[in-house]
Amino acid sequence: MTERFGKARVEKIGRIWVLYLKGTPFERGFQHGTLMRYVARTSVDFYRNLPSAIISRVTGKDITNRQAFRRIKRHFLKKLISLLDQEVLEEIRGLSVGLGMKMEDVAEAAMISEIIQCSQKIVGLIPFMPRFWIPGVSGTTVIRESTGGSLFMGRNFDFWGAGYWDENPAVIFHYPDKGKVYCVISTAGFPLAGYTAINEDGLSLSATALVTHAHDAKGKPAVSVTHELVRKSSTINDALSLLDNQKMMGSWSFALAGGSELEAAVMEVTPRKKTFRKLEDHSIVITERSSENDPTQNSLESVSHILSSKARNDRALFLLRHLKITTGRIADILSDHFDPLANEYRSAGFTISRISTLSSSVFCLHTKRFYVSESKAPSAQGGFVGFELGNEFHEEVESVGRIEISDTPEYRVTASRDYYIKASFEYLSSADLNRVLSLLGQCVAIDPSESTYHFLEGIFRTMVGNYKGAVSSLDSALELERVEHKKDIISLWKARVYDLLERREISTKAYAELMEKNTFESIKRSASRCRRKPFSEKDLSMIFVDFANGDTIEPWW
């Protein structure tokens, strides 16, 4: 199937939309919006509304409809738009016209990472509102340099929105009137060179938001920086020089590989400083944690998110250094579901492949070929479609085959994950807790050995008022869990349920034991607060469940 609009066209290979956009930034945005109008609007609406939905749940109040919040939000969005490069702004304008949507709405979705960071700042400006931390663009990026001049990069893009982003995977080739030809691996409706891209010189880019609270309201949004990188850089040194001269709004890690000189490097950029990382033992792994970040001192971030980042980093580095690396092996690493902290394969543990993995790509940079997964989340579990830079950038469509993962997960893993993703989708889209609970029950039935399913079942049973059933689920989770710090989280929740059952003699003892343990400070702080004041239904209404990490996002006063 090929559809044309002016100088642009779109094809579909398997489940992947492949777009070829030509001309000025506005023209390319307009072409994309027109070709994808009836495909992309739902996703754009979801992402522009996501921060407000999370804020309302975490604060326990629908502050997003308050005049003060709307006024501050408009101010922040106007400020963000004013910081965009002219070319990026023009592309967003064109896209909005093509989609038939307001430019501000499309810009809000396109800058979702900046909006998430700013939303937490906005709430902080409102008196008596709690602080909290929302996970941003994350994932796992691996780079491996092998003998004979081979260079590979693999990328798992992890983010909110399973059922939206992965519903319409897109490979978008840009033929600008000025600058380098480049390709963006994204989803329909998000044409900017935001998170994963490669240009005509074979320079590939993977951008990941870092877990820090540093923020500069006058800095450049990430979408402008990445857009400039792929349009102007031929070598790693070009890209690093460009990054070194940038003043950024947020904190990001940029993995760069390939280019005309076939090199690799990582630059961590925050509003306060920049850190350069080289390949160590011919390998490097990037997750969302800064190389200098102390996980135990972050009072807002969930413990499970910290554990997940560490586990993915350690597991990927181990595989890179112990496998004979090929294009297929990189795909295998991206699809890996072994939890090194629990020392077992898991359906929903601290694994590289997760339900939040919305897009997966493999770059074979010495041959200038790349492969994009056509599967739904977790995207690396299926086949990858191949593209060859020389042919595509000269508009000569030629298949370069596929790659398949060598180790297909067991039925219990894939089937239970499908229900888990449906539960996550229902929670974000409809907030029907009974429906979510029913889907989690299916997860437990298919894979009763996965503690995360029992744990979240316990949380949702608590939310619907089935406190005794929640205790039973949490007991099962405690019995099955192999990661000690995760047991502490489950124990904290079990004590909370006993508070709701008005069994303070049990809960206070459990809180005291957690406060004395060698565990994360955030767990001790939560236990201390609940020991002073019983956990209540009001507290429960301010909990937001993070399915990707099998944990909760909670306010911190």
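The values are calculated or read from the model by the stated rules, or taken from the named source; none is laboratory data. Treat the numbers as computed from the prediction; the structure is a model and nothing was measured. Counting neighbours? That spans all protein chains shown, and the Cβs are built from the backbone with ideal geometry, glycine included.
All of 191, 169, 176 fail the test of being assigned by TED's automatic domain parsing to the domain that holds residue 374, touching a His at 6+ places or on another chain (Cβ under 7 Å) and either at pLDDT below 95 or not basic (Lys, Arg) (or both), apart from 191.
Would a scan of the stretch 215-223 turn up a residue that is touching a strand residue (DSSP E or B) at 6+ places or on another chain (Cβ under 6 Å), closer than 19 Å to residue 181 by Cβ, outside the structural domain of residue 82 (by TED's automatic domain parsing) and part of a strand (DSSP E or B)?
Step one: of the stretch 215-223, the residues touching a strand residue (DSSP E or B) at 6+ places or on another chain (Cβ under 6 Å) are 219-220, 222.
If we keep only those that are closer than 19 Å to residue 181 by Cβ as well, we get none.
No, every residue in the stretch 215-223 fails to be touching a strand residue (DSSP E or B) at 6+ places or on another chain (Cβ under 6 Å), closer than 19 Å to residue 181 by Cβ, outside the structural domain of residue 82 (by TED's automatic domain parsing) and part of a strand (DSSP E or B).
I'd like the full set of residues that are assigned to a helix (DSSP H, G or I) and charged (D, E, K, R), limited to the stretch 446-499.
457, 461, 468, 475, 479, 484, 486, 487, 488, 494, 496, 499
The residues of the stretch 320-351 that are of a type in the set (Lys, Arg) and either surrounded by 18 or more Cβ atoms within 10 Å (Cβ to Cβ) or in a strand (DSSP E or B) (or both), listed by number, are 329, 346.
Determine if the stretch 420-430 includes at least one residue that is outside any helix (DSSP H, G or I) and over 30 Å from residue 331 (Cα atoms). Within the stretch 420-430 (the criterion being outside any helix (DSSP H, G or I) and over 30 Å from residue 331 (Cα atoms)), the answer is yes, since at least one residue qualifies. Based on this model, can you work out whether residue 3 counts as in a strand (DSSP E or B) and touching a residue at least 24 places away in the same chain (Cβ under 8 Å)? Yes; evaluated as a whole, the condition is true for this residue. Regarding the stretch 501-518, can at least one residue be identified that is in a helix (DSSP H, G or I), in contact (Cβ under 8 Å) with a residue 24 or more places away in the chain and either among the hydroxyl-bearing types (Ser, Thr, Tyr) or buried (at least 18 other Cβ atoms within 10 Å of the Cβ) (or both)? Yes. Across the stretch 520-557, the qualifying residues are those that are assigned to a strand (DSSP E or B) and touching a Leu at 6+ places or on another chain (Cβ under 8 Å), and the one among them that is surrounded by the fewest Cβ atoms within 10 Å (Cβ to Cβ) is 556. Restricting 204, 234 to residues that are in a loop (DSSP other than H, G, I, E, B) and hydroxyl-bearing (Ser, Thr, Tyr) narrows the list to 234.
Results for (1) at pLDDT 95 or above; (2) over 21 Å from the mean Cα position of the chain (by Cα), shown as yes or no for each residue.
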{"position": "289", "(1), (2)": "no, no"}
{"position": "294", "(1), (2)": "no, no"}
{"position": "303", "(1), (2)": "no, no"}
{"position": "315", "(1), (2)": "yes, no"}
{"position": "326", "(1), (2)": "no, yes"}
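For the stretch 358-366, does any single residue satisfy the condition of being within 20 Å of residue 304 (Cβ to Cβ) and at pLDDT 95 or above? Taking every residue of the stretch 358-366 in turn, at least one turns out to be within 20 Å of residue 304 (Cβ to Cβ) and at pLDDT 95 or above.
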